[in-house]
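The block underneath contains the structure these notes are about, expressed in structure tokens.
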Amino acid sequence: MNLIARKSRSQSTSEPINKWSRLAQRLKEPEWRRYGLTLLLGKVGAICILYTLFALYTAFSGTPAHADDPVLKGNDIVNPVNTAWTLVAAFLVFGMQAGFTMLEAGFCRSRETVNVLMECIVDTCLCGLLFYAVGFAFMFGHGNGLIGWGDGKGHNWFFLNNAPDTYESSGVAFLAIWIFQFAFADTCSTITSGAMAGRTGFIGDLLYSVGVSGFIYPIIGHWTWGPDGFLATMGSDGKFLASLGTGFHDFAGSTVVHTIGGMTALAGSIALGPRLGRKFRRDGGGPMLPHDLVMASVGGFILWFGWYGFNPGSTLSAMDIQGIGRVAANTTLAACSAGLVAMFYAYPQTKKWDVGFTVNGFLAGLVAITCPCYWVSPTGSVLLGAVAGVIVVLGVNLLEWLRIDDPIGAVPVHGICGIWGTISLGLFACGKYGVSGATGPDNSATAVLTGLFYGGGSKLLMAQIVGSAITTIATLVVGLALMYAVKATGTLRVSREGELEGLDVHEHGIPAYPEYVLHESAIPHGSIE
């Protein structure tokens, strides 16, 4: 073994000597000298060509190799990380439309399924164009406390004209904010259509959708989310209710999206009246049965998933890592708590474990946590979600007693629980968190929100009550005016014959489940015998 090791070491030390001796021997030969020179010139030439190409590129692209840094204004600087985060959240919120479509179709009767699908699809298309044309400018433009129209410099944003690189000081690309807020606006419009399913004419749906998406939602929403909305600036010196000392807060839309949607849904249900054959409990009847609880339940879970864009995405900042995590956790806990409480609370009433109440229960928790999600603790989320689970059952019973027909429970879930969620901030804000920012949270003493249960007094609670009441009443009044105006055109409700035939065949010429057609009137128009 020692002999082998010595031979190995001897060979390893002699190899470099042999290589150098071979190189010296070859350089004495003319052919090897020419080959080495050619190789050296080729490599040097390649490096020169590359440097020349780089110089030409910088010259023609107008970017000198050592140019001074450009002078940028604050609103010209787009934060790519925050913009990407906002876009991902926007896509999640837009995905909620699939959930709404499935939830509404599942809770309705089979003969109006196609009508629900068409309304959700067309509402989305219509809302997109309206929010592009006027909605975004009304809601997020500078103007006055009641309505926006531009950027504060004489430029309006109608049809997205004169748009800056970023929206305000968010650092998020302007059009990324637009697509995010469009998804919110679409949610509001879809909430309204759910409560009016089963008897609304398709032309009437188009007409009221123009009013909701183009005017009611953006104008009333401006009061809270606009840069100079009177509820957003409430409590400031020289502003509305300056003596209150604090403004109205709605982090992700319990009021702006859900209460507005719920109140326009209530207005539509009142103007329409109940579906034919709908007999209420006080008259010896009960709700009409849903046709597909599998579809409705899956739709509810898709909505829950989309809410992770709805609430955490409202930070508009991927840099606020703790805030995003807290909001997501609070959203989850409120939904879990509300779903279980609604199931148990409804049991004595139905003597069954009701899946409809359970699905609407966790949706009620999601709606309630949407406003306070950034400012409450996990324990507060569980508690306020539990209250929402009770409220949604009581809300369904209240509508039943008032003889208001709401096939999917849009008014209790979004309207009533939206009000509760907004007010709950004044009770459960835990006094630790302020506002989310482009580079991280601002938890300074002046920014932190503290509710009544955490020693903050009643100022925040009063601000939340005032803001919620103003938004609720204004939306209901304007919503009733809109619905009765559409009703006066004769297009809001289908004819008696059309409703008895079923909206799918009457309005759209085809049933959702043609293989289960049991009568001749359900055969699609134009079919070949």
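The values are calculated or read from the model by the stated rules, or taken from the named source; none is laboratory data. Note that the structure is a prediction, hence the values are computed from the model and not measured. Neighbour counts are summed over all protein chains in view; Cβ atoms, including those assigned to glycine, are modelled from backbone coordinates with ideal geometry. With ligands, DNA and RNA removed, areas are computed over all heavy atoms of the protein, side chains included. Shrake-Rupley method; radii C 1.70, N 1.55, O 1.52, S 1.80 Å.
Would you work out if segment 121-256 is rounded, prolate or oblate? Take a ≥ b ≥ c from the square roots of the eigenvalues of the alpha-carbon gyration tensor; rounded if a/c is under 1.5, else prolate when a/b is larger than b/c, oblate otherwise. Oblate. With the whole protein complex present, residue 305 retains an accessible surface near 130 Å², based on a 1.4 Å probe. Full extension of the chain between residue 398 and residue 452 yields a length gain of 16.6 nm, computed as 0.36 nm times the residue separation minus the alpha carbon distance. Solvent-accessible surface (1.4 Å probe) assigned to residue 303 amounts to roughly 0 Å².
Global size of segment 268-378: 17.4, 57 Å for Rg and Dmax (C-alpha atoms, Rg to one decimal, Dmax whole).
Surface calculation, 1.4 Å probe, protein heavy atoms: residue 345 sits at approximately 100 Å² accessible.
Indicate the gyration tensor shape class of segment 423-476 (rounded, prolate or oblate), computed on the Cα atoms with a ≥ b ≥ c the square roots of the eigenvalues: a/c under 1.5 is rounded; otherwise a/b larger than b/c is prolate and the rest oblate. It is oblate, given that a/c is not under 1.5 and a/b is not larger than b/c.
The modelled label-to-label distance between residue 321 and residue 474, using points 7 Å beyond Cα along the C-beta direction, is 4.0 nm. For the set 435, 172, 294, solvent exposure ranked by accessible area (probe 1.4 Å, protein chains only) runs largest to smallest as 294, 435, 172.
Rounded to the nearest Hz, the phi-derived 3J(HN,Hα) couplings of segment 263-279 under the Karplus curve 6.51 cos²θ - 1.76 cosθ + 1.60 (θ = phi - 60°) are 6, 5, 5, 4, 4, x, 5, 5, 5, 6, x, x, 5, 4, x, 6, 10, where x marks glycine and proline. Could you list log10 I(q)/I(0) for segment 130-200 at q = 0.18, 0.26 Å⁻¹, which the Debye formula gives when each Cα is one point scatterer? Rounded to two decimals, the profile gives -0.70, -1.17.
Cross-link partners for residue 487 among the aspartates and glutamates, with Cα-Cα distance under 12 Å and sequence neighbours closer than 8 places in the same chain left out: 205.
Other residues with beta-carbon under 13 Å from the beta-carbon of residue 403 carry, at +1 per Lys or Arg and -1 per Asp or Glu, a net charge of +1.
Within the shell of other residues whose beta carbon sits under 10 angstrom from the beta carbon of residue 202, the net charge comes to -3, with Lys and Arg scored +1 and Asp and Glu -1. For residue 149, the residues whose modelled amide H falls within less than 5 Å of its own, excluding neighbours fewer than 5 places apart on the same chain, are 141, 142, 143.
Cross-link pairs exceeding 27 Å in C-alpha to C-alpha distance, out of 153/459; 239/459; 279/351, comprise 153/459.
Of the residues 292, 442, ranked by 1.4 Å probe accessible area with the largest first, the sequence reads 442, 292. Fully extending the segment from residue 29 to residue 293, taken as 0.36 nm per residue of separation minus the present Cα-Cα distance, adds 86.0 nm.
Among residues other than residue 291 with Cβ under 10 Å from its Cβ, the summed charge is 0 (Lys and Arg +1, Asp and Glu -1). Ordered by 1.4 Å accessible area with all protein chains kept, 387, 116 run largest first as 387, 116.
Less than 5 angstrom separates the built amide H of residue 279 from those of 286, all sequence-distant by 5 or more or on a different chain.
Compute the FRET efficiency between residue 121 and residue 84 as 1/(1 + (r/R0)^6), taking r as their Cβ-Cβ distance and R0 = 22 Å, and round to the nearest 0.05. The pair residue 121/residue 84 has a calculated efficiency of 0.20.
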